[in-house]
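The values are calculated or read from the model by the stated rules, or taken from the named source; none is laboratory data. Computed from a predicted structure; not experimentally measured. As a convention, Cβ positions derive from the backbone with ideal geometry for all residues, glycine included, and neighbour counts pool all protein chains shown.
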Amino acid sequence: MRATIQLCTYNRAGLLARVLDACFDQTMGKNQYEVVVVDDGSTDETPAALEAARRRATCALTVVTQPNAGLARARNAGIARAGGERIIFIDDDVLPIPTFVAEHLRAADRHPAFIVRGGAIEVEDPDVLPPPIWNIRNYSGNYFWTTNVSVPLATIRAIGGFDESFAEYGWEDIDVGLRLRASGVRATFHPSALVYHVKPRPNGASIDKMIAQARAQARTAVRLVRRHPNWRAHLATGINPVQLQFHAVLRRTKAEDRLRRRLQGVAPDRPLGRSELRAVRALANEAYFAELERALQSDGT
């Protein structure tokens, strides 16, 4: 078994069948790779979607079910069940192209010990996909980004997998990347190992969810910096004097109040317009830094 595609899922039954079909529809020999899915306590139709996927799977499919415990623990459950020489991490909103596994392995043949970072094209609609041609607009500089990344299975196990103290949203994959980098593991970017990352346009009902997610990410950012007190973590999380002071000044100008007024009356089921989406992202960003300040004070950092 040369490779394992590993993904975790939570309450995304509507897209999961498409994701798994894309994983099955690979140019690699069906005995050369497998798929390992961890259902992190979904409460929607995910179990039924996984059972249907078992019946049509064209490669080995392993399904692990656990009570909802967060992505880090789910990733570790997937790592424990993986059997491929190289483990390829994706998310449950990612559609790999047919040559996806083959391209990860082609890059790994040139750099066997390296992390291989693949390319991702963001799309709003899984039924409207552009040509599979990556360009710099979709670049991510993350050293280890589980939307599309692979590493030797032995390497990820050697560092202890994911840190399960990252129980809330955010930074668990960045932590892995920082630990791998500190261990001397190098990375290569191979955009031909390509996926479509499905990111539907948020609607009015998404506003509170985006803000709550930003606050959770702020709390885990403090954990990241505590584990990695270096410039990379401080810069990535915004835990540095320049960014903290800038957003403290911004809060005193009541920018958050103006943004909330801009979004009043948005219907829950209406997709956000461009200016509204900018406003929501700005509001979530301010929520992040406000929560960051509270978390830092609570932590004594």
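Note on region 248-262: residues that are surrounded by 12 or more Cβ atoms within 10 Å (Cβ to Cβ) and modelled with pLDDT under 90 amount to 8.
Residue count for region 231-268 under the criterion of being part of a loop (DSSP other than H, G, I, E, B) and either touching a helix residue (DSSP H, G or I) at 6+ places or on another chain (Cβ under 8 Å) or in contact (Cβ under 8 Å) with a residue 12 or more places away in the chain (or both): the result is 7. Considering only residues in region 56-78 that are of a type in the set (Val, Ile, Thr) and within 21 Å of the chain's Cα centre (by Cα), the one that is surrounded by the fewest Cβ atoms within 10 Å (Cβ to Cβ) turns out to be THR65.
A search for C-beta distances below 8 Å between a residue of region 287-300 that is in the same structural domain as ILE211 (by TED's automatic domain parsing) and any residue that is of a type in the set (S, T, N, Q), counting only pairs 6+ apart in sequence or on different chains, returns TYR288/GLN217; PHE289/GLN243; LEU292/THR237.
Among the residues of region 203-218 satisfying the criterion of being under 17 Å from the mean Cα position of the chain (by Cα) and not small (Gly, Ala, Ser), which is nearest to PHE144 (Cα to Cα)? For region 203-218, the residue satisfying everything is GLN217. Counting just the residues of region 79-118 that are over 12 Å from ILE5 (Cα atoms) and of a type in the set (D, E, K, R), which one comes out surrounded by the fewest Cβ atoms within 10 Å (Cβ to Cβ)? The residue in question is ASP109.
For region 145-184, the candidate set comprises residues that are assigned to a loop (DSSP other than H, G, I, E, B) and in contact with a strand residue (DSSP E or B) (Cβ under 6 Å, 6 or more places away or on another chain); within that set, the residue that is surrounded by the most Cβ atoms within 10 Å (Cβ to Cβ) is THR146.
Whether any residue in region 273-284 is buried (at least 19 other Cβ atoms within 10 Å of the Cβ), touching a Lys or Arg at 6+ places or on another chain (Cβ under 6 Å) and more than 30 Å from ARG179 (Cβ to Cβ) is what I want to check. The answer is yes; a qualifying residue exists. In region 15-36, the residues that are over 17 Å from SER192 (Cβ atoms) and assigned by TED's automatic domain parsing to the domain that holds PRO98 form Cβ pairs under 6 Å with partners that are of a type in the set (S, T, N, Q) and not in a loop (DSSP other than H, G, I, E, B), at six or more places apart or across chains, as follows: LEU16/THR9; GLU34/THR4; VAL36/THR4; VAL36/GLN6; VAL36/THR62.
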